[in-house]
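Here is the structure we will look at.
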Amino acid sequence: MCGIAGIYAYHYASNSIDRNELLAMRDHMVTRGPDGFGLWLDPAERVGFGHRRLAIIDLSDNGLQPMQTDDGSIVVTFNGEIYNYRELRNRLISKGFKFRTQSDTEVLLHLYADRGADMVGDLRGMFAFAIWDAKKRTVLLARDPLGIKPLYYSDDGWTFRFASQVKALLAGGKISRDPDAAGVVGFYLFGSVPEPFTSFRSIRAVPAGTTVLVGRTGPAAPRRYHSIASTYCEGEQGQAPGASPDYIREALKDSVRSHLVADVPVGAFLSAGIDSGALVGLMRDVGAVDIQTITIGFEEFRGKNEDETTIAQEVAALYGTRHTSRVVTRSEFEADLPLIIQAMDQPSIDGVNTWFVSKAARELGLKVAISGLGGDELFGGYPSFRDIPRWVRLFSAPSHIPLLGAMARRLTEPLASHLGLNRKAASMLEFGGSYAGAYLLKRGLYLPWELEQVLDRGTVREGLRRLAPLRLISETIEPRPRSAFARVATLESSLYMRNQLLRDTDWASMAHSLEVRVPLVDSVLLGQMAKLADRPINKASLANAPLGPLPQAVVSRAKTGFTTPVRSWMHSVIKKVERVPRSAAVAETSWAREWSRFIGRQALHPNKSSLPLAQVA
C-alpha cells in the first residue's frame, strides 16, 4: 500500500513540469509510504511520477517505485495489492517476459506490455495506478473494480495531475481551492462526498472500475470496465448454483486465501460482530497461523451490551489468535481529533473507530490487517434490505400522482417536527415510491429542502443542480438487477460502502501506515455471490462459513453501530469549539447532523470555527 502522484504537461505549449511541485505532492503522503520513496521524470521533463512505499510484497529495494521496463518505454507508479500476481507472472513468463523482481508491481508493467489497457480485466486486488507509455505518449490511470483504493486528478487544459489524496494534489500549490458546490451539498446529503465529486471544483475522483487515458489532447472520459449492477444482472442470468453452505464457504475461503498473500504478517480487526469474527475463522481454515487480532473498547462500556471486548475475546479464544483489547479514552480522542481532521482527506461523519483500531494495530507492529467491511452489503445485513423494497411497494402508485408528494410533505412536516417524529416520514409519498428516492430517505443525512439550514441558498441551488442526487443514485442501479436484494446491495455497495466506509478506512488506516484488506469486498467473490441474489442468503450464511461456526453470542447480538461514548465525546468537543450551550443528551436522529456541521466547518470552512481545534485537548 502506497501513495502515488504524477504530473503530465500534455499540451504542446505548456511549461515543463515543476519537480518541486511533484515532490511536495509525493511527500505529503509520507504516512502512506514510510518504507521508501522514488521520483521519475522523462528526459524532456514533460511527465513525472512520484511514489511513497509501504513494503508488503517483495520487501527488497527491487520493489521500489516508480518502476520501469528495461528499455524505459513503460513506467508505473502503483498503490495497492494484486492478489493473483503470481498466476499472472507465470502466464507472462510462459509468453517470454523476463522478470527481475518478485513484486506485483513488475507484473503490471509486463501485463500492460502484453494487453494494454485491457489488462485491468485480469487483475484481482485493490489498486490505483498510473502507467506511462513513452511510445504512445499516454498516461493510463486505473482504479480497482469496487473502489477500495482512491485516485484523484485535476486537469487545467494544459497539465494533468493525479494523486492518491485530494490534499496531496493541493499540497503541490498549483491547483485552485475553489469549493465545489456539488461536493459540499453531497456531503451534507450523505455524510460523505459522492464520487466523482470532491470538495474542490478543480479535482475529480477516478470512478471505481474505470480507466482514464490521458494523451496529447488531454484526458478522455473515464471508461468503465466493471459495474456492480452489471455483475448482479449477469449473476441473475447465469446458472444459479443454489445457496448451499459449501458453495458459500468455498467462495469465501477463496477470497480470504487470496487476501493473505503478503511477505509480512497479516493481522485482523476483531469486533463482536459476525463479519470480522467469520473472517478470522476463515483465516484459520485456510491455514493462517499465529494470527494477531485487535479489538478496541471503552471504559464507559464495561459490562454493557455495547462492550465488544468480552465477546471478541471469546471469538479469539475459539480460533486461537493472539488477541489484544485496546482501551480508548475520552482524553485520547480529544488529543487525536486535530490529527483525525488533518488526515481526513475529504469530509466525512465516520472513520473515527477505524482511526483508533488502526492506531492499535500499528502499535502492535502490524503493517497489514483484515477487516470485515462489506459483509452487510454482501449478505443483506442492513435494515435497508427490508425497508427500501417495502417502501417502494407501498408508495409506488401514489408517488406518480403529480404534486401529491410535495404537498403532503409541506403539510405534514411541521406537525412531525412539532411532535418530535422522524421528519423523513413526511416525505414518503414524494420519494418512497422509487428505489432512488427511498434510498435517499434511508441514507440521507439532510434532505434537499433542509440544506438551507447549513448552506446558503446559492450553494444549495448550484450543488443540487450539478449533483442531481436522485439521478446519481438511480444511475448506480443501471442496468437494473431483477431482484430487490440485488438492487439494494448495488445501492449500498456503490454509494455508502464506496463513498464512506472504504474511503474512511483508507485515510484512517494509512494515517498510521497500515494496509487494511477487505476480503468481503472482492470482485471475484461478488460475481460468485451475485448468482445467489434471489436466494435466501443472510448474515447467518457468513456466520456458519468457518468450519468452527461463530458462537451464538455473536450471531444473536444486536447491531450497536456507531454509539456512545464516541458520540457523546463528539458532542463534548462541539460544545468546546462552538461555545454554544447544548443539552447533555445527544438524540439518535440529531448526532450525525450535529457532527456533520462541525466537520463541515473544520474541513470545508476552517476559518468559521470560533475556537481553534488544537485547543480542544
Item to check | 5 angstrom amide H check on Arg326, placed H, neighbours 5+ away | outcome: Thr295, Ile296, Gly297
Item to check | Under 12 Å, Cβ to Cβ, from Glu300 - net charge with Lys/Arg +1 and Asp/Glu -1 | outcome: +1
Checklist outcome for this item: Taking 483-494, 130-141, 319-330 and ranking on average Cβ neighbours within 10 Å, highest first, one gets 483-494, 130-141, 319-330
Next on the checklist: Relative contact order of region 199-255, please, whole-number percent, based on alpha carbon pairs below 8 angstrom and at least 6 residues apart.
Outcome noted: 20 percent
Item to check | Label-zone membership for region 1-37, site Arg137, 7 angstrom Cα→C-beta point, backbone N under 11 Å | outcome: 10-13
Item to check | Nearest-10 value in Å² for the accessible area of Asp156, using the 1.4 Å probe | outcome: 90 Å²
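Quote the FRET efficiency, to the nearest 0.05, computed for Glu234 versus Arg465 with a Förster distance R0 of 25 Å and r equal to the Cβ-Cβ distance.
0.15
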Item to check | Dipole moment magnitude, nearest 20 debye, region 266-308 about Cα centre, only Lys, Arg, Asp, Glu C-beta charged | outcome: 120 debye
Checklist outcome for this item: Ordered by number, the chymotrypsin sites (Phe, Trp or Tyr not before Pro) in region 1-62 that occupy a DSSP loop and have at most 10 other Cβ atoms within 10 Å are Tyr12
Item to check | Mean Kyte hydropathy of 0.5 or more with a Cα span along the axis of at least 20 Å, helices from DSSP in the chain | outcome: none
Checklist outcome for this item: Filtering trypsin sites (Lys or Arg not before Pro) in region 147-187 by DSSP loop and by at most 11 other Cβ atoms within 10 Å leaves Arg177
Checklist entry - How big is the gap, in Å, between the Cα center of region 134-201 and the Cα center of region 255-272? => result 29 Å
Checklist entry - Could you state the number of Å between the C-alpha centres of region 510-539 and region 1-48? => result 33 Å
Next on the checklist: Give me the net charge for the shell around Glu195: Cβ to Cβ below 11 angstrom, other residues only, Lys and Arg +1, Asp and Glu -1.
Outcome noted: +4
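How high is the FRET efficiency between Ser396 and Arg224 when r is their beta carbon distance and R₀ equals 25 Å, given to the nearest 0.05?
Result of the calculation: an efficiency of 0.30.
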Checklist entry - Between region 428-480 and region 346-397, what's the alpha-carbon centroid distance in Å? => result 21 Å
Checklist outcome for this item: Within the under-13-Å Cβ sphere about Tyr12, not counting Tyr12, Lys/Arg +1 and Asp/Glu -1 give a net charge of +3
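Whenever you get a sec, compute what percent of the accessible area on the chain sits on carbon and sulfur atoms (1.4 Å probe). Spell out each step's value before the answer.
Details: 12320 of 23820 Å².
So the carbon and sulfur contribution to the accessible surface is 52 percent.
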Item to check | For region 184-239, convex hull of alpha carbons as volume per residue, Å³ | outcome: 100 Å³
Checklist outcome for this item: tail above 17 Å in the computed P(r) of region 1-107, as % of all Cα-Cα pairs, reads 56 percent
Checklist entry - Mean residue ellipticity at 222 nm from the helices of the chain, using -39,500 (n - 2.57) per DSSP H segment of n ≥ 4 over the full residue count, to the nearest 500 deg cm²/dmol? => result -12000 deg cm²/dmol
Checklist entry - Near the amide H of Phe200, under 5 Å away, which other amide H atoms are found, from residues 5 or more places off or on another chain, if H is placed in the peptide plane? => result Asp180
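In percent, how large is the relative contact order of the chain, given Cα pairs closer than 8 Å and 6 or more residues apart? Each step should come with its number before you reach the end.
Numbers: 1203 pairs, mean separation 105.7, N = 617.
Reported relative contact order: 17 percent.
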Item to check | Extreme residue, positive dipole direction of the chain, given options Tyr319, Leu526, Leu64 (C-beta unit charges) | outcome: Leu526
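The values are calculated or read from the model by the stated rules, or taken from the named source; none is laboratory data. All figures in this text were calculated on a predicted structure; none of them were measured in a lab. Note that each Cβ is placed from the backbone with ideal geometry, even for glycine, and that neighbours are counted across all protein chains shown. Accessible surface areas use protein heavy atoms only, side chains included; no ligands, DNA or RNA. Shrake-Rupley method; radii C 1.70, N 1.55, O 1.52, S 1.80 Å.
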